[in-house]
Structure formats: C-alpha cells, structure tokens
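*Asks:* Pasting a structure here, questions to come.
The values are calculated or read from the model by the stated rules, or taken from the named source; none is laboratory data. A quick note: this is a predicted structure, and the numbers were derived from the prediction, not measured. For neighbour counting, all protein chains shown are included, and Cβ atoms are generated from backbone atoms with ideal geometry for every residue, glycine included. With ligands, DNA and RNA removed, areas are computed over all heavy atoms of the protein, side chains included. Shrake-Rupley method; radii C 1.70, N 1.55, O 1.52, S 1.80 Å.
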There are 2 protein chains.
Amino acid sequence: MENYRIYLTEEEIPTHYYNLRADMKKKPAPLLNPGTMQPMTAEELKGVFCEELVAQELDNDTRYIEIPEEIRDYYRTYRPSPVVRAYNLEKKLGTPAAIYFKFEGNNTSGSHKLNSAAAQAYYAKKQGLKGITTETGAGQWGTAMSMACAHFGLECKVFMVKGSYEQKPFRREVMRTYGADVVASPSDTTQVGRSLLEQFPGTTGSLGCAISEAVEVAVGTEGYRYVLGSVLNQVLLHQSVIGQEAHTALSKIGVKPDIIIGCTGGGSNLGGLIAPFMGEKLRGEKDYRFIAAEPASCPSLTRGKYLYDFCDTGNVCPLAKMYTLGNKFIPSPIHAGGLRFHGMSTIISELYDQGMMEAVAYEQSEVFEAAEIFARAEGILPAPESSHAIKAAIDTALECKESGEAKTILFGLSGTGYFDLAAYQQFNDGTMTDYIPTDEDLAEAIKCVPPQPAEL
Amino acid sequence: MENYRIYLTEEEIPTHYYNLRADMKKKPAPLLNPGTMQPMTAEELKGVFCEELVAQELDNDTRYIEIPEEIRDYYRTYRPSPVVRAYNLEKKLGTPAAIYFKFEGNNTSGSHKLNSAAAQAYYAKKQGLKGITTETGAGQWGTAMSMACAHFGLECKVFMVKGSYEQKPFRREVMRTYGADVVASPSDTTQVGRSLLEQFPGTTGSLGCAISEAVEVAVGTEGYRYVLGSVLNQVLLHQSVIGQEAHTALSKIGVKPDIIIGCTGGGSNLGGLIAPFMGEKLRGEKDYRFIAAEPASCPSLTRGKYLYDFCDTGNVCPLAKMYTLGNKFIPSPIHAGGLRFHGMSTIISELYDQGMMEAVAYEQSEVFEAAEIFARAEGILPAPESSHAIKAAIDTALECKESGEAKTILFGLSGTGYFDLAAYQQFNDGTMTDYIPTDEDLAEAIKCVPPQPAEL
C-alpha cells in the first residue's frame, strides 16, 4: 500500500510561480477603466496596488516568475502541504476510483489564502510601504493577511463586514492576535462608510462596501496600498504553488490524475490547483478533465453570463470580463457555505468559455452531507467552501463505481471548517435550507451589468 | 540551514508504545479501592474499562507494547507529526538557544488527545463492545473520542459540562458532526444527574459530575465501557508516540535536546513527550533537564501535596497517589487556559517526587503574552494549555541569551487555540486577570483528601 500522505521536502517547494496565462493562446480579457473603457494601465493601477503586483497582474507572457527567497522562506513554515490518498473515503464509497486531495488547511489562516497573502505582504514591504488595507467577509483572507503582515512587519487594516464582525467574533480575534487593526464596516472612518451609515443607520454592511472603504483608506494614506485575496490574475499566479506541489507529488509516485476538481468562488483556489495541469492541456501534452464546483445559490459559471462587469457592488473597481450574475446580485443570506462572489476570475472565465473545463453547482445541504461523509472517513473537518469539491469528488467516484472505471481523482481541500460550526450546527439540527435563484431573479440581476465595450 | 520541519515517514511511526514504568526503579503507586484501601484488581477495573486497557493500566514491567496495525493505520491519517525548528522565534528573542517544538495540533481534534482516543476506541471495538461513554469539559477529549469512534465504528456518548455545552457550542457541533451523542451534564438521563438537578436546579455542571454520569451509564449499559483522556497510566503509555517520534526526528539530524518542556494538567501530554528521554535518564544513559509548566491558578506540582486522593470531585473513582490540591479544589472560574485538574498523573507525580524533573507555574496573562509572541513569530495559534510550555521555553531561551549558552530546547506544542478565541479576546481587550489561590485557600482545600493508607 502507498502512504496516506505524500510529502515533498522543503527544497521541493516551487521556486517559481507558474503563470498559466503564458500558455493561453487566447488571453484572459484585460481589466478596463470604467471611465475610458480602455485597458487599465500600470500607472493607473499603481495608486491602488504595489508595483510588483501590478506588473504581475498585467504580465500575460512570462511563464515562470521567480519566487523571492523571503517568500519561500515563509512558505517553509507551513509548506509543502501534503497530497493525501483518501483510502478511507474510497473504502466507504466502495469505488474503484483512486481519490487524492491536496490539503491546504494546515495553517492558522485555515486555507490556501496564505499563499497569496505572503506574496502580497512581501512585495508591499519590499517597496518600502508602511501598511496595507483589505476587506474580509467570513475572515479567512483577513486572517491570512494579518499573519503575513505580522511576519513581514507591515501594518494591516482589515475592514470586516459588520455582520461578521459581530456574529463571528472568533476570526476577528485571530486577526487581532496577529496585530491587525480590525474595523467593522461600514465605519465612520471613511467617506463611503459615513455616507452609508447616514443612509442606512442599521446596516450590517456588505463585502462591496468593505472593499470601497479599504480602497479609500489605501489611496488616501501615505505608504499604504490595497490588497485583494481572490479573482485577480496575480492571486491565481501565487496560488499556482498548490498545483505545482500536487503535480510534483503525484509525479513522484507515478500517478497521473484523470479528473481534477476544485471549488470556486472568486477562482483563486481552483486556478491555483489546476494551473500546471491546465498548462499541459493547453500545450497539448496531456489531457485532463477539470471540474469547477460552485454553490447553486451563487452559480456564476453554470448560470451567469460572460460579460464585462464591476468586480465590486460599489462600482469603484475596474471592469473585468467574467462569468457574472451581475454586480448587484446578493446570494441568499441563508447560504452559509462561502463562495458568495457574483463573478469569477477572468482566467477561469476564459478557460471555461473555451470549453477547457466543466462546472457543476450544488445546494448546500448536499454539500454538508458530503462534508460529513468526508469528515467521518478522513478525519479532517472540511470548510464548507472546500466541501463543494468534496461533493463533486464523491459524485465522480460513485460514477466510477457505476461504470467500473478505476479513474484517478484529484481534488483541492482548500481549507478547514473550524470557524464554520454555526453552519454545521444548522446541518446537524436538520434546519439547513438553501435558496436557489429563479431564472427571473437572474434575469433581473444581470441587468445592472454596464454597457459592454466594443471588441478590443 | 536545516529545514524548518523534520518529518518522519509513515514507516517511522512507532510500532510499539513505550512503557516508561518499566524503567522506573520505584514504580508509580497503584490505584487503591477506596472501600478496601487495597490496590485495584484487574477484575474490579474490568467493569469500567475494557480488558486490554486494564492490562495496560496495571502493567509496570513490559517495556514495549506492540501497537496493533489498525491503530497504526489510523495514526497514518494524521501522523507522524512534525518536529519544527522555531527559527523565527529564536530570531525574535535574539537567543543563542536552538528551539524545537513537537507539534501535535494538526488534526481536527486540535491536540494530542487523538493518540489515546484511537487506542481506546480500537481496544473497545476489538473486545466487541458497542460503545463508550466519556466526559468532556472544553471539548478536546470529547472531539478526539468522537473522531476515533467514527473511524472504528463505535457509539460514543459524551457528557459535556453544561456550562461549556451552552457557551461553547462549536466543539459540541464538531462532536455531533462525527456522530457522537452529546449530552449536557448534569442530565436527567442518570441517577447522579437527576439528584444533582434536584439539589441545584440552575447548576452549570462540573467535570466531576460529568465523570460520574459517564461512569454510571457505562457500567449500566450492556456493551459499554468508560474512557478517560488523561491522568491514567494507559493514556501516558499511548501518548509515548509523541516522545518517540520527537526522539527519532532529532536523532536523525544529530540533535540532542538539553531541556525538554511540556505543559501539564493531568499529565498525558507531558508524560508522552518526555517518555523516551526520561527512560534514557532513568537508565543512566543520557541526562536531560525536564520542566513541567502548569497554571498558577491550579498549581498541583508546585504547591500541592503528594498524597492519595480521589481522581474526581464526586469520589466515585479509585484513589491515586499524586500531587494534589484536594479533590474539591476548583480552579478560579476566570482561568481560561485549561489544565484545570486538581491532581496529576501518578507517573509524573512519582518522577517529580524523585527529583527527576522540575516544575514551574505561570499566571495566565503572561501565558497569553507568550502565546502572542509565538503566534506572530511561528504562525501557529497555540492552545492556551500549550502556551504554558511556550512561556517556559521562551523564559529558558532568554536565560540562554543572558548566559550566552547555546542550549537546545524541545517543547511540546500539544494543540491549537482555534476554539479558545474567547480567552484570546479577553487578552486582546486587556481584561484578562487570574486568581492565584492563597496559602490559606490551599490549606483549606487539601483537607478533603481522604485518610491515607498504611504503607503498602
């Protein structure tokens, strides 16, 4: 029998980020300035993001970008992360399929988010900046940034959606323990926040508003920039360490996956996991089946439109061409499983549009059923987000059982569910439901998408 | 530079539990039947514990006890656990000391408890039992047993102290997700519980009462036995996997620790970590300095008496000879950092009495200061319990800085603090205090210790 866990050595942590865009013949569409409808220039982006990250954002050509030693050194405190053979899950399902998962949850941020946080904090520090601002909803990204800033010696100001700030105080306390300044959003510290509080005194906030506040403070504070945890090209670039490690680990034991599965909200976890495999497919070297698993309550890939849209609900960010439900679309508040973004990374969107990958949408009760099966079999309590991938992996393994095919499945277990127990409680109590938008809902929501540009 | 983390292969997971008692010339004192004041016999213990565990409890002579393949197989889902070189902490402290920690928190139970839970569940299943009962306070042990029972196919009934059940619902939900039946204690399902509820209708329960309920149900239910997560010889035996792995890992890189530090409440984590090193010391092969770190609010080693006492507050358990504060001693309710047991494992107690180890007690605010330093340096958010060991390690490293000695320190990081954020919040808010018992408090508390037996 093989080992359960395939560990690489610290020397095998990737030395370069792999830039999937370099292998895409048709590149992902550029970000547009909503004022001019022209591609955002480096100059325009530098007021918001730090310089090195702007360069990475716009670079569609360099295949490998060296990872600075300082970042690799930080990665060594929690990477390489293991690829695990899910023997107990296979046995429970009675499937001939071999199931592997790449586990990114064994760090205090609880997810893969730390991979990009480390890079973003490092480049900000290297540029001589004093601090960064960001927003966080459930808190995974904010936690990751707090940890990375504590390591690299940067100030970290996190605008946390007020509803989460009050109802989920534990994530907030993790961030504070790492020295971050955590502010409930909307706050009276920004113009955007004050104006919103005046209009809606009792509001519990939104991610859109938190983004706007974070950007306002970053742009208006000497030595500060703004950072974002998903969607952007630079973030998918950093997350390529996930896929590269998985590729190396499986190659070591002579295994080639047939099917690669990831959950997707903004696309950073999925984009990172599939990157080197998708590269092989794009270059015609190998073939893989890719499956993106998303929530039925926020089905941007499976039911959205491929259009230019704002990345935020406040319309302060550039336009991105992506599968979107419309920037005013708010997923059902009873949806607990994360992945609540109205759009999708432009890289993932373009690949999906090219037919390079499939997508599937799940309701949250079936996702938590899969989470429970997995937890009992494999020991790890998965994040609700990651459990979308588990559900897809289980379904695929059961199809193999049906057909008798011994396929090899690799899925991304992007995080743990230790801060999502309120949702598990709903599931355990049998009170979990989900609201799936109707066709009418979606037709209405997509109307807020701005006028589309002429072909560039 | 060495690696940050020293991983063993799965083949290097210990094949045997190491029984430290075999190397103790003066053995730990036997458990006594409080009725007869005679050593508990296997026959007497078999009604409460399963047979193999009774044999392990009473075996002072067999040095190595084989770990069944089924348990090793389960260990492979989360072990071997890494030994980590705390480079960033060393740098922050500016110490010439080398600091290593053995990290047991990378599993969903969040601590080392799973090592013994796996063994106890396996032996119960092997005996053909249907289920087990146990109690849990903060919930780490209950979580570990729930996970192990889910794996080995046993029913698991956990009596959770009502105060925790209501105020810390998240641990409860983890247990339920793994299929455990979690009951708030005192409950109306036992005689002990009903009588207590009648006497004190508003009580939020205690660990002592939860133990009594769990034992009552175990003894009164066909095919059930009771399991306990610390203090007992059998538990320290199982936890020897921690020390054995640490010993193997350090030997691999040619490092011999000078100082070995663990936190201690009941003693299972400390006893497991030090086992093979203490064995070498007892056999006169090598010398080490051992430090037990305990809370100043519950200072059994540093301020208790070495006497026979009940292991529980309800006086239903056997008598154990141990450093104790008196079985009615209740640590200050404002103490948040775990390690709240009034006594101490008989093995640890006997070694301490023989002068084989030192002990030190810390107030919780200084413990959380150490936790914050560690978290920011090493990334991992430590459990408050484990942070007692961190505090001792930092103090020792700073002594080395003072003296200029490049000593090697190994400490046990027994768990993570993801479910202890309410305590971190107190610390972050600056509202954390601690109540240290006065000499008068302790003189009063020790009076409840029963009459001592004549020398056996």
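*Asks:* Among the residues of the stretch B:7-24, are any within 25 Å of B:Y226 (Cβ to Cβ), more than 14 Å from every other protein chain (Cβ to nearest Cβ) and open to solvent by 40 Å² or more (accessible area, probe 1.4 Å)?
*Replies:* no
*Asks:* Sort through B:V255, B:V227, B:V219 and tell me the only one that's hydrophobic (A, V, I, L, M, F, W, C), in the same structural domain as B:L154 (by TED's automatic domain parsing) and open to solvent by 20 Å² or more (accessible area, probe 1.4 Å).
*Replies:* B:V219
*Asks:* Quick one: is B:V235 open to solvent by 10 Å² or more (accessible area, probe 1.4 Å) and in a helix (DSSP H, G or I)?
*Replies:* Working: open to solvent by 10 Å² or more (accessible area, probe 1.4 Å): no; in a helix (DSSP H, G or I): yes.
In short, no.
*Asks:* Checking A:T203 against (1) more than 17 Å from A:E12 (Cβ to Cβ); (2) modelled with pLDDT of 95 or more; (3) assigned to a loop (DSSP other than H, G, I, E, B), which test does it fail?
*Replies:* So A:T203 meets the others, but not (2).
*Asks:* Restricting attention to the stretch B:274-317, which residues are within 19 Å of B:H388 (Cβ to Cβ), in a strand (DSSP E or B) and open to solvent by 20 Å² or more (accessible area, probe 1.4 Å)?
*Replies:* Matches in the stretch B:274-317: B:R289 only.
*Asks:* Sticking with this one: What is the one condition in (1) within 14 Å of another protein chain (Cβ to nearest Cβ); (2) surrounded by fewer than 24 Cβ atoms within 10 Å (Cβ to Cβ) that B:S109 does not satisfy?
*Replies:* (2)
*Asks:* Before we move on, is B:E166 part of a helix (DSSP H, G or I) and surrounded by fewer than 24 Cβ atoms within 10 Å (Cβ to Cβ)?
*Replies:* Values: part of a helix (DSSP H, G or I): yes; surrounded by fewer than 24 Cβ atoms within 10 Å (Cβ to Cβ): yes.
The answer is yes for B:E166.
*Asks:* Follow-up. Does at least one position in the stretch A:186-207 carry a residue that is surrounded by fewer than 22 Cβ atoms within 10 Å (Cβ to Cβ) and under 21 Å from the mean Cα position of the chain (by Cα)?
*Replies:* Yes, the stretch A:186-207 has at least one match.
*Asks:* Condition first: within 12 Å of another protein chain (Cβ to nearest Cβ), in contact with a strand residue (DSSP E or B) (Cβ under 9 Å, 6 or more places away or on another chain) and among the polar types (S, T, N, Q). Now tell me which residues in the stretch A:406-432 satisfy that.
*Replies:* A:T416
*Asks:* Please go through the stretch B:52-105 and give me each residue that is hydroxyl-bearing (S, T, Y) and either surrounded by fewer than 19 Cβ atoms within 10 Å (Cβ to Cβ) or under 27 Å from B:T9 (Cβ atoms) (or both), ordered by number.
*Replies:* B:T62, B:Y64, B:Y74, B:Y75, B:T77, B:Y78, B:S81, B:Y87, B:Y100
*Asks:* Could you check B:A55 against (1) within 22 Å of the chain's Cα centre (by Cα); (2) closer than 16 Å to B:T346 by Cα and say which number it fails?
*Replies:* All conditions are met except number (2).
*Asks:* Name the residue that is most open to solvent (accessible area, probe 1.4 Å), counting only residues in the stretch A:369-405 that are facing chain B (nearest Cβ under 9 Å) and in contact with a Lys or Arg (Cβ under 9 Å, 6 or more places away or on another chain).
*Replies:* Checking each candidate, the answer is A:R376.
*Asks:* Exactly one condition in (1) modelled with pLDDT under 95; (2) touching a Ser or Thr at 6+ places or on another chain (Cβ under 8 Å) is false for A:H238; which is it?
*Replies:* Exception for A:H238: condition (1).
*Asks:* Within the stretch A:124-146, can you find the residues that are open to solvent by 10 Å² or more (accessible area, probe 1.4 Å) and at negative phi?
*Replies:* Those that are open to solvent by 10 Å² or more (accessible area, probe 1.4 Å) and at negative phi: A:K125, A:K126, A:Q127, A:L129, A:K130, A:E135, A:G137, A:A138, A:Q140, A:W141.
*Asks:* In the stretch B:55-66, is there at least one residue being hydroxyl-bearing (S, T, Y), closer than 22 Å to B:G153 by Cβ and in contact (Cβ under 8 Å) with a residue 40 or more places away in the chain? It would help to see each step written out before you state the result.
*Replies:* Initially, the stretch B:55-66 is screened for residues hydroxyl-bearing (S, T, Y), giving B:62, B:64.
Pick out the ones that are also closer than 22 Å to B:G153 by Cβ and you get none.
No, that holds for no residue.
*Asks:* Working only within the stretch A:98-154, note down all residues that are assigned by TED's automatic domain parsing to the domain that holds A:A184 and aromatic (F, W, Y).
*Replies:* Once the filter is applied, which keeps residues that are assigned by TED's automatic domain parsing to the domain that holds A:A184 and aromatic (F, W, Y), the stretch A:98-154 yields A:Y122, A:Y123, A:W141, A:F152.
*Asks:* Could you tell me which numbered condition B:G337 fails, if it satisfies all but one of (1) small (G, A, S); (2) under 25 Å from B:G105 (Cβ atoms); (3) part of a loop (DSSP other than H, G, I, E, B); (4) open to solvent by 10 Å² or more (accessible area, probe 1.4 Å)?
*Replies:* (4)
*Asks:* Looking at the stretch A:167-182, can you tell me whether even one residue there is more than 14 Å from chain B (Cβ to nearest Cβ) and not aromatic (F, W, Y)? If you could, list the steps in order and put the result at the bottom.
*Replies:* Taking the stretch A:167-182 as the starting set, the residues that turn out to be more than 14 Å from chain B (Cβ to nearest Cβ) are none.
No, every residue in the stretch A:167-182 fails to be more than 14 Å from chain B (Cβ to nearest Cβ) and not aromatic (F, W, Y).
*Asks:* For residues in the stretch B:413-422 being within 21 Å of A:R79 (Cα to Cα) and out of contact with any Ser or Thr (no Cβ under 7 Å at 6 or more places or on another chain), which is surrounded by the most Cβ atoms within 10 Å (Cβ to Cβ)?
*Replies:* The qualifying residue surrounded by the most Cβ atoms within 10 Å (Cβ to Cβ) is B:G417.
*Asks:* Right, here's the next one. Considering only the stretch B:354-368, state which residues are part of a strand (DSSP E or B) and surrounded by fewer than 20 Cβ atoms within 10 Å (Cβ to Cβ). Reasoning before the result, please.
*Replies:* Initial filter on the stretch B:354-368 (part of a strand (DSSP E or B)): B:358-362.
Selection gives B:E358, B:V360, B:A361.
*Asks:* Here are A:S332, A:S345: which of them is hydroxyl-bearing (S, T, Y) and either surrounded by fewer than 24 Cβ atoms within 10 Å (Cβ to Cβ) or over 17 Å from the mean Cα position of the chain (by Cα) (or both)?
*Replies:* The unique qualifying residue is A:S332.
*Asks:* Would you mind stating whether B:A320 is over 19 Å from B:A138 (Cβ atoms), among the hydrophobic types (A, V, I, L, M, F, W, C) and assigned to a strand (DSSP E or B)? Spell out how you get there, then give the answer.
*Replies:* Details: over 19 Å from B:A138 (Cβ atoms): yes; among the hydrophobic types (A, V, I, L, M, F, W, C): yes; assigned to a strand (DSSP E or B): yes.
Judged against the criteria, B:A320 is a match.
*Asks:* Can you tell which of A:T408, A:T431, A:T396, A:T416 is more than 23 Å from the chain's Cα centre (by Cα) and closer than 21 Å to A:L270 by Cβ?
*Replies:* Criteria check complete, one pass: A:T408.
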